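The values are calculated or read from the model by the stated rules, or taken from the named source; none is laboratory data. Keep in mind the model is a prediction, meaning the values are calculated, not measured. Here the Cβ positions follow ideal geometry from the backbone for every residue, glycine too, while neighbour counts run over all protein chains shown. Side chains are part of the model used for accessible areas, which takes the heavy atoms of the whole protein and leaves out ligands, DNA and RNA. Shrake-Rupley method; radii C 1.70, N 1.55, O 1.52, S 1.80 Å.
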Amino acid sequence: MKVAIIGATSGIAQEVAKLYARDGASLFLVARDAAKLDAVAADLRVRGAASVDTFVADLRGSHAEVAARAGEGLDVVLIAHGTLPDQRAVDRDPAAQREAFDLNATSVITLIAHFANVLESARHGTLAVIGSVAGDRGRRSNYVYGAAKAAVHAYCDGLRNRLAESNVALVLIKPGWVSTPMTAGLKQNPLFASAASLAHGIHTAIAKRRATVYLPGFWRWISIVIRLLPGRFVKF
Ligand SMILES: NC(=O)c1ccc[n+]([C@@H]2O[C@H](COP(=O)([O-])OP(=O)(O)OC[C@H]3O[C@@H](n4cnc5c(N)ncnc54)[C@H](OP(=O)(O)O)[C@@H]3O)[C@@H](O)[C@H]2O)c1
């Protein structure tokens, strides 16, 4: 099995990669920090990966090159990079808002578009993307991040139907809070999941070629309630 992981140094992606290494997969890992990426790759070789190739790229660009380097014969592509801006810090900074939107939406969508073409030509494979429950409703505390994740969600909903005609699955993962470097500055609460538990859910969702998956699953119900609340109650 050949698996490409984009944003491979992410806390969640590292745990998913360990599961594919355990499966004996051949891995192609992309991240921007060469030293971190080398350490992740070395760990995955020890864990049983058949091979681990790496490519260093800042994912604000290099999208066509990333897809070209991944090569052919891909079974799974996981797109996992992202950033969680401090909403209050960017509230009055349009340039910072655009930067955050570009990384979380534009770069993700551009990468999906490249890999969709690759898998569609092969008429094979599963493209998985990490979105967020934050994309289900714009909220005061993270509306830039939420808007970007909502864009990814809408894009995936449409593209999924195109890819289905070529036997390619598109899996959108929508986690709630996960304990990773991204949320290190947030106050932890009982709803936080570990990256390792999330990775098991992602690994299963990809294997089952699911469409949209909330992880942990109870977030589907929380999200329904938040979407149904009248605006005057959604001030958080
Ligand atoms: N943690 C949560 O609560 C949570 C909830 C819902 C959804 N998600 C989503 O899950 C995915 C993974 O996040 P995580 O929690 O694992 O966070 P993380 O550990 O902070 O990982 C984020 C990753 O994005 C990479 N990245 C950021 N900017 C980049 C750039 N310009 N070029 C290349 N790579 C870049 C980071 O690279 P460096 O290692 O070099 O910084 C890091 O590997 C993201 O899409 C995130 O939005 C997370």
Query - Unit charges at the beta carbon, dipole of the chain: most positive-side option, VAL30, ILE222, ALA154 - result: ILE222
Query raised in the report: Angle, helix 107-122 long axis vs. longest principal axis of the chain, Cα atoms, 0 to 90°, nearest 10?
Result: 40 degrees
Report task. Could you run the Karplus curve 6.51 cos²θ - 1.76 cosθ + 1.60 with θ = phi - 60° over the range 131-143 and give me ³J(HN,Hα) per residue in whole Hz, x for Gly and Pro? Result -> x, 6, 4, 4, x, 7, 7, x, 10, 3, 7, 7, 6
Query - Most fluctuating residue given options ILE226, ILE12, ILE112, as computed from a GNM of the chain linking Cα atoms under 10 Å - result: ILE226
**Report entry** Taking the convex hull of Cα positions in the chain, its mean projected area over all directions (nm²)
**Finding:** 12.4 nm²
Report task. Compute the long axis of helix 34-46 from its Cα atoms, compare it with the longest principal axis of the Cα atoms of the chain, and write down the angle in degrees, 0 to 90, nearest 10. Result -> 60 degrees
Query raised in the report: Taking only the alpha carbons of the range 89-142, what extent do you get along each of the three principal axes, in Å, biggest first?
Result: 45, 22, 11
Requested in this report: Tally up the carbon and sulfur contribution to the accessible surface of the chain as a whole percent, 1.4 Å probe, everything protein left in place.
Outcome: 54 percent
Report task. May I ask you to give the solvent-accessible area per residue for the range 1-101, in square angstrom, as obtained with a 1.4 angstrom probe? Result -> 48 Å²
Query raised in the report: According to the square roots a ≥ b ≥ c of the eigenvalues of the Cα gyration tensor, what is the shape class of the range 138-224, taking rounded for a/c under 1.5, prolate for a/b larger than b/c otherwise, and oblate for the remainder?
Result: oblate
Query raised in the report: Of GLU15, GLU99, GLU165, which has the largest mean-square fluctuation in a 10 Å C-alpha GNM of the chain?
Result: GLU165
**Report entry** Long pairs among LYS18/LYS149; LYS18/LYS187; LYS187/LYS235; LYS149/LYS235; LYS36/LYS174, criterion Cα-Cα beyond 22 Å
**Finding:** LYS18/LYS149; LYS18/LYS187; LYS36/LYS174
Report task. Would you mind calculating the gained length between ASP43 and GLU165 on full extension (0.36 nm times residue separation, minus the Cα-Cα distance), in nm to one decimal? Result -> 40.2 nm
Report task. Would you please put 194-200, 174-180, 45-51 in order of how densely packed they are, using the mean number of other Cβ atoms within 10 angstrom per residue and starting with the highest? Result -> 174-180, 194-200, 45-51
Report task. Please state the charge dipole magnitude for the chain, taken about the Cα centre, from unit charges on C-beta atoms (+1 on K and R, -1 on D and E), reported in debye and rounded to the nearest 20. Result -> 920 debye
Report summary line: Taking Lys and Arg as +1 and Asp and Glu as -1, residues besides TYR214 with C-beta under 10 Å from its C-beta add up to +1
